[in-house]
1. Counting pairs of alpha carbon atoms under 8 Å apart in space and at least six apart in sequence, what relative contact order in percent does the chain give?
2. Would you calculate a helix-derived [θ] at 222 nm for the chain, using -39,500 (n - 2.57) for each DSSP H run of n ≥ 4 and dividing by the full residue count, to the nearest 500?
3. Rounded to the nearest whole Å², what accessible area per residue is found for region 35-97 with the 1.4 Å probe?
4. With the full set of protein chains in place, find how many percent of the accessible area of region 1-89 is carbon and sulfur; take the probe as 1.4 Å.
5. What do you get for GluC sites (Glu not before Pro) in region 61-133 restricted to DSSP loop and a cutoff of at most 12 other Cβ within 10 Å of the site's Cβ?
6. What's the ranking of 1-7, 33-39, 147-153, 101-107 by average number of surrounding C-beta atoms within 10 Å, highest first?
7. Count charges around Phe164 for me, please; just the other residues with Cβ under 10 Å from its Cβ, Lys/Arg as +1, Asp/Glu as -1.
8. Can you tell me how region 2-107 classifies by the Cα gyration tensor, rounded, prolate or oblate, using a/c under 1.5 as the rounded cut?
Amino acid sequence: MSDGKIIVVSAPSGCGKSTIINSILDTGKLSLNFSVSATNRPPRPGEEHGTHYYFLTTDEFRNAVSDGEFVEWEEVYPGRFYGTLRSELDRMIGEGLNVILDIDVKGALNVKKLYGVRARTIFIEPPSIDALRKRLEARGTDTPQLIDMRINRAEYELSFAPQFDTRVINDNLDAAVAETEGIITEFIK
Ligand code: ADP
Ligand code: 5GP
């Protein structure tokens, strides 16, 4: 049996990455398994341990780092650690399963470096910074100050886009879902 493949999806916050990934997983058309990451951030309402993340204490996270349990890990926000578990990723691809990862831009490029042609990196980008700002305002979950912070970070993260295998502009959502689905279908066939 040959190893499964790895699809890594990244995007600046608010670009519609979760919406696109969930919509692809929900249709069930593609046989994909979601790699559950570990983090030391607290769960949000509705999030479950083992489904959305493995929620660890900071000490547990640090121990997992020193025990070599992560394929990659990043401090995505100050004091907030996120990592892809070797037990999760290597087990699934070893079983021939195709795996989808939702991780930050640096993590994505590290996974690509480690797994080469077995991995395909997809960068979801907004039609423009202005459109991203409007979307974040419409989502209504952030203060104006937090929106400014996210926009600054988005501009920084967008500078990594040329290093990805593929870029998808999320202007019309249905079109972006279809395009992403097409890229994954082609890669795993
Ligand atoms: P991310 O996971 O990248 O942070 P979300 O999937 O939470 O982003 O999307 C951010 C917001 O933008 C959500 O309110 C979502 O419904 C909305 N959104 C996603 N794609 C589009 C689109 N193509 N056009 C308009 N709004 C969108
Ligand atoms: P959130 O806290 O909103 O769930 O995620 C914050 C950011 O962390 C997102 O950009 C998400 O893609 C990223 N992230 C989640 N899991 C991992 C991981 O295992 N590794 C890395 N490098 N980033 C991750």
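The values are calculated or read from the model by the stated rules, or taken from the named source; none is laboratory data. It should be emphasised that the depicted structure is a prediction, and the values quoted were computed from it without experimental measurement. Every residue, glycine as well, gets a Cβ built from its backbone with ideal geometry; the counts of neighbours run over all protein chains shown. Ligands, DNA and RNA are stripped out before the accessible areas are found, and what is left, the full protein with its side chains, is counted by its heavy atoms. Shrake-Rupley method; radii C 1.70, N 1.55, O 1.52, S 1.80 Å.
1. Numbers: 279 pairs, mean separation 61.0, N = 189.
RCO, the chain: 32 percent.
2. Details: 7 runs with 82 residues, N = 189.
Helices in the chain give a 222 nm mean residue ellipticity of -13500 deg cm²/dmol.
3. Values: 3440 Å² over 63 residues.
In whole numbers, region 35-97 has 55 Å² accessible per residue.
4. On the way: 2150 of 4540 Å².
For region 1-89, the apolar C and S fraction of the accessible surface comes to 47 percent.
5. Glu95
6. Values: 1-7: 17.0, 33-39: 19.3, 147-153: 15.1, 101-107: 21.6.
The most tightly packed comes first, giving 101-107, 33-39, 1-7, 147-153.
7. Values: positive: Lys112, Arg120, Arg167; negative: Glu125, Asp165.
Local charge sum for Phe164: +1.
8. Working: a/c = 1.75, a/b = 1.23, b/c = 1.42.
The shape class here is oblate.
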